[in-house]
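Where a number appears in this text, it was derived from the coordinates with a stated rule and is not lab data. Computed from a predicted model, the values in this text were never measured in an experiment. Counting neighbours? That spans all protein chains shown, and the Cβs are built from the backbone with ideal geometry, glycine included.
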Amino acid sequence: MWYVPCVSSGKRIAVIPGDGIGKEVIPQAVSVLKATGAPLELSYFDWGADRYLADGTTVPPNGFATLAHNFDAILVGAFGDPRIPSNVHAKEILLGMRFKMDLYANVRPVRLLDSSLCPLKRVEPRDVDFVVIRENTEGVYVDAGGIFKHGTADEVAIQEDVNTRKGVERIIRFAFDYCVQNKKADGTSLSRVLMCDKSNAMTYAGSLWQRVFKEVSAQYPQVKSEHMYVDALCMQIVRDPRQFDVIVTNNMFGDIITDLAAALQGGLGMAASANIHPGKTSMFEPVHGSAPTIASKNIANPFGAILTSAMMLSHLGFSSEVARIEAAVVEAVRQKKLTQDVGGTLGTKEAAEWVADLVRKAPSVA
């Protein structure tokens, strides 16, 4: 059997721990989910390097259709294993999920929980609280291109950057809708959407993004629309993160700037993300990779996975449970009940258990 159901009732969650530290942090995130008491039905899938090495399976037949039709959300760990140098399984599972399930909006909150986690001087939590919305199904990640005269002195490699009107418009509209519908952690309304590109060099793709951004922004007069080139944006994120609310950009630029932005909140181990198609089954994964060099050592940071699980609960409408998780994580940071990468002394399991225990004891928030 290629997945193991856990009998319960409520929202149906597919859990795919994956590889490396994914197999450590996702069980800890699940323990925090269970501590909330939210009505969840969890089913565990064994997709990953171990399964691929055992029988050559990356994604079983109808695997993505099963996820889309039988589950309300998907909680994923990380993929990548040095035993599989090509990482073919990671590509087919993770990118396959994003592309074949059309999870076009990658949502990555950048929120500082405590000033001690930020490498910038004189920066407080209120100063780092924005979200990056990345187009998730197009760009250079579609794997279009080829190599001519392979292995010769005249070798040519071409990588295509694919941008469609449909794809660009829907991600920009998603960003404006997100801005209208959400608030910062302190309750302040979001009011600005910044589109990031490199249209001064990538003129064809940039023209499409610029024109669509102008058209869509006109339909949201209450939201301030802004633009920066990606290189300038990277500088400004480091120089003054206070100026951002919602950033929307393409697949590659979003991938790069979210890793940069994650450094402002304590590193990749603290970063959460969601892969969303409104109205359809969506997938939630911590930003970090499989980190095979630290796997099975009980030192991986579980907070990105825990905060990702909170994003999933929020998507499913469990606002009270989300508030309890976020409050527990903030308290863990305040008391340094953390793993060593962010200044603590606890192991992966112990840090997550501390949070789960606090969540379990916390009163429900109306």
Over its Cα atoms, what ratio of radius of gyration to 2.2 N^0.38 Å does segment 229-279 give?
-> 1.20
Dipole in debye (nearest 20) - the chain, about Cα centre, beta carbon charges: Lys, Arg +1; Asp, Glu -1 = 800 debye
Straight-line reach from residue 166: which lysines have a Cα under 19 Å away, not including same-chain ones fewer than 8 places off?
-> 100, 214, 280
Under 20 Å by backbone N from the virtual spin label 7 Å along Cα-to-Cβ at residue 192, the residues of segment 255-285 are 257-265
Kirkwood radius from Cα pairs of the chain plugged into Stokes-Einstein at 37 °C, 0.692 mPa s, gives D in µm²/s equal to 155 µm²/s
With the Cα gyration tensor of segment 99-152 in hand, convert its eigenvalues to equivalent ellipsoid semi-axes via √(5λ) and list them largest first in whole Å.
-> 38, 18, 7
Choose one answer from 342, 142, 329: the residue with the largest mean-square fluctuation in a GNM of the chain with alpha-carbon springs under 10 Å.
-> 142
Fully extended contour minus Cα-Cα distance, from residue 340 to residue 294, at 0.36 nm per residue | 15.3 nm
Charge tally for neighbours of residue 35 with beta carbon under 13 Å away, counting Lys, Arg as +1 and Asp, Glu as -1, is +1
Under the Karplus curve 6.51 cos²θ - 1.76 cosθ + 1.60, θ = phi - 60°, whole-Hz ³J(HN,Hα) for segment 317-329, x wherever Gly or Pro sits | x, 9, 5, 5, 5, 4, 4, 5, 5, 5, 5, 5, 5
Across all Cα atoms of segment 204-325, Rg and the largest Cα-Cα distance (Dmax), in Å, are 17.1, 52
Taking segment 29-87, how much of its Cα-Cα pair set, in percent, is spaced more than 19 angstrom apart?
-> 44 percent
Once amide hydrogens are built 1.01 Å from N within the peptide plane, the residues lying 5 or more places from residue 80 or on another chain with amide H under 5 Å from its amide H are 19, 49
Loop GluC sites (Glu not before Pro), segment 149-211 (other Cβ atoms within 10 Å of the site Cβ: 12 or fewer; DSSP) = 155, 160
Kirkwood Rh, Cα Rg: Rg to Rh for segment 68-227?
-> 1.03
Placing each pseudo-label 7 Å from Cα in the direction of the beta carbon, residue 200 and residue 142 end up separated by a distance in nanometres of 2.7 nm
Kirkwood-Stokes translational diffusion coefficient of segment 61-107, alpha-carbon pairs, 25 °C, 0.890 mPa s, µm²/s | 207 µm²/s
If amide H atoms are built 1.01 Å from N in the plane of the peptide, which residues on other chains or at least 5 residues away come under 5 Å of the amide H of residue 44?
-> 4, 6, 15
What longest range of the chain stays clear of loop-exposed trypsin sites (Lys or Arg not before Pro) (DSSP non-H/G/I/E/B, at most 16 other C-beta within 10 angstrom)?
-> 185-279
For segment 1-119 the translational diffusion coefficient, Stokes-Einstein from a Kirkwood Rh over Cα pairs at 25 °C and viscosity 0.890 mPa s, in µm²/s, is roughly 157 µm²/s
Treat each spin label as a single point 7 Å out from the Cα along the C-beta direction, and report the residue 252 to residue 34 distance in nm.
-> 4.4 nm
Cα→Cβ-extended label distance, 7 Å offset, between residue 236 and residue 211, nm | 2.5 nm
Dividing the Cα convex hull volume of segment 149-272 by residue count, how many Å³ per residue is that?
-> 150 Å³
With Cα springs under 10 Å, the Gaussian network model of the chain assigns the largest mean-square fluctuation among 328, 78, 218 to 218
Find how much the distance from residue 184 to residue 160 grows on full extension, using 0.36 nm per residue of separation minus their present alpha carbon separation; answer in nm with one decimal.
-> 5.0 nm
